[in-house]
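Report on one structure; see the data block that follows.
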Amino acid sequence: MQKVHVIAHTHWDFEWYFTRQQARVQFAYHMAEVLQALADNQLDSYLLDGQLAIVDDYLQTNPDKRAAMMRFVKARRLFIGPWYTQIDEMVTSGEAIVRNLQLGHKLAADLGGIMKVGYLPDSFGQGQDMPKIYQGFDITATVFWRGMPHEKNARYFYWTASDGSKVLAANIKNGYYAGVDLIENDDAAALLHRIATDTQAHDLALPVGGDQRAVDFNLKDRLQYANQQTSDFELVEDNYPDFFKALSTSSDLPTYQGEFIDPSASKIHRGIYSSRADLKHLYDRLEHLMVDVVEPMMVIAAHQGIEAQDGMVAHIWRAIARGQAHDSSGGCNSDATNQDIYQRSVEALQLAESVRDYLLRKLASGAPASLNVFFWNPTVRPVHQNGEITLATRGKHFSLKDENGEVVTYEILKQVKVDNAVLRRDPAQEKPDVYYRTTIVVPLTMKAMDWVGFTLEEASQCVANRQPSTTISNAYYTLTFDKGQLVLVDRRTKQSFVNPIHFDDGGDEGDTYDYSPAFQDWLLDLTLAEAEVTGQQGKLVSELVFRGQWQLPSDLAQRAAKKASVEMPYVLVLKLAADDPVIHFEFTVENTVCDHRLRLILKTPVQAQTSFADTPFGIAARPVIDPHLKDWRAIGYHEEPTALRPLIHFANTHDDKTSWTFLGLGEKEFQLIGDQFDQLAVTMFRGVGYLGRPDLKRRPGDASGLQTKYVSTLDSQLLGTRQMQGGICLDAD
């Protein structure tokens, strides 16, 4: 006889096709049911979805319920944590995951106890580094639903990471809602036999709950009924920590390693890596600012006697953590919800930038009076690189001197004349107050966590300007645009590459969950051949600027008719900095097209079989063709296992002769394409108009999200100005 551990729970996305505000109202009434059921002993225990964000919101408006919650948490009847939000594991950085868990742990501990189970029942894929992350928090077990590949079908197993970290895993492959049948269906035996497949373990887990599902007050009666109906199983009311304690006595559980991103038990939605690219760029920028600048600067300031604002830092990380939730990060939400996600990131970014600016001013106030321009190195590594700063001067010309009084060479990137006159109703009465706003680059050498200062002085002579040229070079590369062709020369290997950068644009008849090619697609190769090209060669920074417009179909109907009636203007800037092996790019488009996907393509000499990209704490090597691309329907996969792959900060293709790397600043999706898989395609953005659509070309069946209703998401078309940036790096080692 097998023992079935029945676990009462709720799955509560704090935002999705509904807003956070709507969810808060419903959750407040749900918590009244939970506390009543526990107080009246109608339930032995209850799991609040493993995340504290919903509890955080609840206690803000219901502080009088804190004592009752604490009483049940301490009694091990109400289980909370360990997360703040249920993250997306594939595009969230390691630092952000750790902060999410730290925040969840702190709030749960303050309420009386942390459920030490890595509970992510709805995340769209399981990252390969999760066991090592869990081990760092003394979490020895995990629960998830999505992602297990066909050939790794055990329900219970040990999951290991590359460093040997190990957790006991339960794959609730029938879903976190499987136990609802126990409440609503009298055929308990059929349900129990379903959850007993793919395992020989004596102990089985059966979650009873679902999305915003009301508390099942009759659970005990239904358990009694089920036990009377079967002699093969014994059902007991339980919780996940005690279930795993029992499961750990099993001696025949297999061991698996790696990531799990297959659509076997459910849809996996690899298209969320590129959905709402604008939000991903914002949160990536915010996270970089916090990790690389604000927090290190706060440490430096504290060393100088300036009080750290820990509460402000925690507030910003709360906003980041909310943006990491699997639906929030994925962008697969209503427009109203995505507007909330956007606004939270903007407010957090403003706060982080304000902290940075204040600390810079405060730290500079203690410097010698002769210095008036400052650069800080907030990293733990010495730097030798260019620094960029915008200065305000009365005169057009100025000089910079270092702390020893030596003149410092700099280069002007941009200079604008500004009239700061006090406004009058009659402009003729305004007295001009002119100054110059000038953006420059300066060569910097700084020790770790140190600063350097300069003296800005008016001058009568202009600094040497960069020279106009459509050929630019640094120590690593030469870029030339001539007769409609871009030529890249790697100066270390003397190799030349003709038109290594181009773009493509194809239809997207998918939704916010998944990219899916248009049923009548027209894939357009977008080159730089017709661009207007200008360039500047400098000693510190050089750049090529491509300006143009591509003719594209306005929508799916025009694409089907192979008609391109609209222009999509673009500006591509390629930058080379002295002594920098990265080709930096800035790419701006005015998106005038609906239902399409725009990708940057790197044409490489590598004929790849495997792609590489970073993970939270490692590197993932993935086949360029999914092993189940041809048989996915036959083996019961819920969607085509596309070779779209996630990245956090970089994607790479290499062989034993050369290596090409894309460095992202918010771009999260790539794929190796071409007959020889020699092209690295990175999604810049994709635009779609619906939360979910049914019967897609690569995802048959019901719509994702809501199955019975089309939810329009005009904002997810990403019309208007789109700005992207990143880098490209070649290496011969």
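The values are calculated or read from the model by the stated rules, or taken from the named source; none is laboratory data. Just so it is clear, the model here is predicted, and its values are computed rather than measured. Positions of Cβ are backbone-derived with ideal geometry, glycine not excepted, and every protein chain shown enters the neighbour counts.
Please go through region 664-723 and pick out each residue that is small (Gly, Ala, Ser), in a loop (DSSP other than H, G, I, E, B) and touching a Leu at 6+ places or on another chain (Cβ under 7 Å). Correct list: Gly689, Gly692, Gly705. Is it true that some residue in region 504-513 is outside any loop (DSSP other than H, G, I, E, B) and of a type in the set (Phe, Trp, Tyr)? Checked against the condition, which is being outside any loop (DSSP other than H, G, I, E, B) and of a type in the set (Phe, Trp, Tyr), region 504-513 yields no hits at all.
The residues listed here are Gly81, Gly104; of these, the one that is within 24 Å of the chain's Cα centre (by Cα), in the same structural domain as Gly136 (by TED's automatic domain parsing), in a helix (DSSP H, G or I) and closer than 25 Å to Arg146 by Cα is Gly104. Restricting attention to region 426-451, the residues being in contact with a strand residue (DSSP E or B) (Cβ under 6 Å, 6 or more places away or on another chain) and assigned to a loop (DSSP other than H, G, I, E, B) number 1. Residues of region 697-725 that are on the phi > 0 side of the Ramachandran plot and either under 23 Å from the mean Cα position of the chain (by Cα) or not assigned by TED's automatic domain parsing to the domain that holds Leu680 (or both): Gly705, Leu718, Gly720.
Of the residues making up region 666-688, those that are in contact with a helix residue (DSSP H, G or I) (Cβ under 6 Å, 6 or more places away or on another chain) and farther than 20 Å from Ala518 by Cα are Gly666, Lys668.
In this structure, is Gln558 surrounded by fewer than 16 Cβ atoms within 10 Å (Cβ to Cβ) and among the polar types (S, T, N, Q)?
Details: surrounded by fewer than 16 Cβ atoms within 10 Å (Cβ to Cβ): no; among the polar types (S, T, N, Q): yes.
No: the conditions fail for Gln558.
Yes or no, residue by residue, for (1) surrounded by 23 or more Cβ atoms within 10 Å (Cβ to Cβ); (2) hydroxyl-bearing (Ser, Thr, Tyr); (3) within 29 Å of Asn333 (Cβ to Cβ):
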{"residue": "Gly618", "(1), (2), (3)": "no, no, no"}
{"residue": "Val624", "(1), (2), (3)": "no, no, no"}
{"residue": "Pro627", "(1), (2), (3)": "no, no, no"}
{"residue": "Ala651", "(1), (2), (3)": "yes, no, yes"}
{"residue": "Thr658", "(1), (2), (3)": "no, yes, no"}
{"residue": "Arg693", "(1), (2), (3)": "no, no, yes"}
{"residue": "Lys697", "(1), (2), (3)": "no, no, yes"}
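Remark: pairs (first residue in region 406-432, not assigned by TED's automatic domain parsing to the domain that holds Leu540 and small (Gly, Ala, Ser); second residue surrounded by 11 or more Cβ atoms within 10 Å (Cβ to Cβ) and not in a strand (DSSP E or B); Cβ separation under 6 Å; 6+ apart in sequence or on different chains) = Ala421/Glu430; Ala421/Asp433. Could you grab the pairs with beta carbons closer than 7 Å, sequence gap of 6+ or different chains, first residue in region 545-557 and under 10 Å from Leu526 (Cα atoms), second one small (Gly, Ala, Ser)? Taking only residues 6 or more apart or on different chains, the pairs are Gln551/Ala564; Leu552/Ala564. So for region 593-602 (the condition being crowded, with 23+ Cβ neighbours inside 10 Å, out of contact with any helix residue (DSSP H, G or I) (no Cβ under 6 Å at 6 or more places or on another chain) and not in a strand (DSSP E or B)), does at least one residue qualify? Checking region 593-602: at least one residue is crowded, with 23+ Cβ neighbours inside 10 Å, out of contact with any helix residue (DSSP H, G or I) (no Cβ under 6 Å at 6 or more places or on another chain) and not in a strand (DSSP E or B).
Residue pairs whose Cβ atoms lie under 6 Å apart, sitting 6 or more positions apart in sequence or on different chains, and linking a residue in region 228-257 that is more than 20 Å from Lys152 (Cβ to Cβ) to a partner that is at pLDDT 95 or above and of a type in the set (Lys, Arg), are Glu234/Lys3. Cβ separations smaller than 7 Å between residues 6+ apart or across chains give the following pairs from region 694-714 residues that are farther than 17 Å from Asp508 by Cα to residues that are of a type in the set (Ser, Thr, Tyr) and surrounded by 15 or more Cβ atoms within 10 Å (Cβ to Cβ): Gly705/Tyr17; Gly705/Tyr513; Leu706/Tyr17. Can you work out which of the residues in region 709-733 that are farther than 19 Å from His281 by Cα and acidic (Asp, Glu) is modelled with the highest pLDDT? Per the stated criteria, the residue is Asp731. Within region 483-509, the set of residues being modelled with pLDDT of 95 or more, farther than 21 Å from Cys729 by Cα and out of contact with any strand residue (DSSP E or B) (no Cβ under 8 Å at 6 or more places or on another chain) comprises Gly484 only.
Where residues in region 31-47 are in a helix (DSSP H, G or I) and in contact with a helix residue (DSSP H, G or I) (Cβ under 9 Å, 6 or more places away or on another chain), which of them is nearest to Asn338 (Cα to Cα)?
Here the answer is Met31.
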